[in-house]
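First up is the structure itself, then whatever we jot down about it.
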Amino acid sequence: MPGDLTPSISKYPLQFNPLERVYVGPITSPPTNDWNPHYEDPEPGKRLADVAVHNSTIEDWVVSPPRTEHRIDGLELTVDGDGRFTAAGGLHYRDKCGYFGVNHLFVRGPLAAISLAYSHDPACSESEIRDGAGFWYGPISVTGCLDGDFDTLRITFLNGNTNLQDTASNNTLEFEV
């Protein structure tokens, strides 16, 4: 697991491939934005530190069939005075061996951005829940530290998530900090 995570670029310019890298963390944002020439580097001392995703297990999940909107995906943010944050809530998992993790994160001006992706643990087998058979809803949290002064924390779901509350079609949650 890398200490610093530079965003992954797919074969298409400036597009990210979420399935190639999904880390649960902790991960710290890179000190430069060299990976994207359109983004200025973070100001000195500004970074996202120790970002980690805490997935729930199948024992904590409840059945929530797709498109019923019985349970809406979402996270609520709390930030302590020292910049430590927790975005906690619930999301839909597609299969027993699936999990959410960080694909990339970066800092740009007053914005701290985390991109999450959904993946499948290839070492997991003999699922009690058949892959593709439905969706299950469970608790999840994203924790870390905002080092520096930020206005916004943005969490984007790269694989797409059609059940996010108040996001329209951009699969993004934005929080004022």
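The values are calculated or read from the model by the stated rules, or taken from the named source; none is laboratory data. Because the structure is a prediction, the values reported are computed rather than measured. A quick note on method: Cβ atoms are made from the backbone with ideal geometry, for glycine too, and the neighbour counts reach across all protein chains shown. What goes into the accessible areas is simple: the full protein's heavy atoms, side chains included, and nothing from ligands, DNA or RNA. Shrake-Rupley method; radii C 1.70, N 1.55, O 1.52, S 1.80 Å.
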Inset, instruction - Among residues belonging to region 56-89 that are crowded, with 17+ Cβ neighbours inside 10 Å and among the aliphatic types (A, V, I, L, M), point out the one that is farthest from the chain's Cα centre (by Cα). - result: VAL79
Inset, instruction - Within region 136-151, identify whether any single residue is in contact with a strand residue (DSSP E or B) (Cβ under 7 Å, 6 or more places away or on another chain), of a type in the set (D, E, K, R) and either over 18 Å from ARG47 (Cβ atoms) or at pLDDT 90 or above (or both), and answer yes or no. - result: yes
Inset, instruction - Looking only at region 106-115, decide whether some residue is farther than 15 Å from ASN171 by Cα, loosely packed, with under 14 Cβ neighbours inside 10 Å and either free of Cβ contacts under 8 Å to residues at least 60 places away in the same chain or not charged (D, E, K, R) (or both). - result: yes
Inset, instruction - Could you list, in sequence order, all residues of region 90-105 that are among the hydroxyl-bearing types (Ser, Thr, Tyr) and open to solvent by 20 Å² or more (accessible area, probe 1.4 Å)? - result: TYR99
